[in-house]
Amino acid sequence: ARRYFSAVTRAYEKRKAQNPAEEGQYWADELEAHVSLGDLYAAEYRFAEAFTHYRVALSVAPTGPNAPLVAQAAYGAGRCFFATGDTRQGRAYLEQAVKLAPELAPELERLAPSATTTGGSAGDHNP
């Protein structure tokens with residue numbers, strides 16, 4: 001699966017290199033590939049690599065068809081931060097996910113009891 005999703009992201013990188021006007025644009029299957037790669041890396045406890053892919057999906061406006069993918073990326077990013085002990089950032093990402101996908105509220109509730117600030121600096125950083 002990782003090979004397929006990596007091939008998708010590489011194909012879009014090549015397309016953007018050939019068409020500079022498309023730089024900064026993302027397509028649904030490209031975003032889905034990044035979220036899927038994030039999920040695969042997170043499952044292997046490779047949280048920094050996972051967050052790199054989630055961050056791509058988090059960079060687009062969470063509107064229309066992008067909203068579920070951005071919610072999924074925020075959820076994945078939140079879990080990465082919780083896993084690395086930065087509960088403050090983890091909670092912030094999970095709250096973002098819940099705003100976009102209220103059905104994720106139980107996950108925030110489940111993780112919230114351990115959501116005391118245990119480190120991390122202000123601003124956005126990698127897990």
Quiz item: Which of Gln25, Val70, Ala101 sits closest to the plus end of the dipole of the chain, meaning its Cα is farthest towards the positive end, when Lys and Arg get +1 and Asp and Glu get -1 on the C-beta?
Solution: Gln25
Quiz item: In degrees, nearest 10, range 0 to 90: what is the angle between the Cα axis of helix 2-18 and the longest Cα principal axis of the chain?
Solution: 60
Practice problem: At 1.4 Å probe size, with every protein chain present, just tell me what the per residue accessible area of the chain comes to in Å². | Solution: 55
Quiz item: Shape call for segment 57-105 from the C-alpha gyration tensor, a ≥ b ≥ c root eigenvalues: rounded (a/c under 1.5), prolate (a/b greater than b/c) or oblate?
Solution: prolate
Quiz item: So what's the back-of-envelope 222 nm ellipticity for the chain, counting only DSSP H runs of four-plus at -39500 (n - 2.57) apiece and dividing by all residues, rounded to 500?
Solution: -21000 deg cm²/dmol
Quiz item: Expressed as a whole percentage, what fraction of the accessible surface of the chain belongs to carbon and sulfur atoms when a 1.4 Å probe is rolled over the protein heavy atoms?
Solution: 54
Quiz item: Picking from Val35, Val70, Val98, which is most flexible by a Gaussian network model of the chain using Cα springs under 10 Å?
Solution: Val98
Self-check item: Virtual spin-label span in nm between Arg15 and Arg55, 7 Å along Cα→Cβ
Solution: 2.3
Quiz item: Which of these values of Cα extents along the principal axes in Å was calculated from the structure shown: (1) 52, 35, 28; (2) 45, 38, 24; (3) 48, 29, 28?
Solution: (3)
Self-check item: Alpha-carbon centroid distance for the pair segment 72-94 / segment 26-67, whole angstrom
Solution: 13
Quiz item: Could you give me the ³J(HN,Hα) list for segment 85-100, computed from phi with Karplus coefficients 6.51, -1.76, 1.60 and θ = phi - 60°, whole Hz, x at Gly and Pro?
Solution: x, 8, 5, 5, 5, x, 5, 4, 5, 5, 5, 4, 4, 5, 4, 7
Practice problem: Given the options Tyr26, Tyr41, Tyr93, state which has the largest fluctuation in a GNM of the chain using a 10 Å cut-off (strictly under) for Cα springs. | Solution: Tyr26
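The values are calculated or read from the model by the stated rules, or taken from the named source; none is laboratory data. What you see is a predicted model, and the numbers here were worked out from it, not measured in a lab. A quick note on method: Cβ atoms are made from the backbone with ideal geometry, for glycine too, and the neighbour counts reach across all protein chains shown. Ligands, DNA and RNA are excluded from the accessible area calculation, which covers all protein heavy atoms including side chains. Shrake-Rupley method; radii C 1.70, N 1.55, O 1.52, S 1.80 Å.
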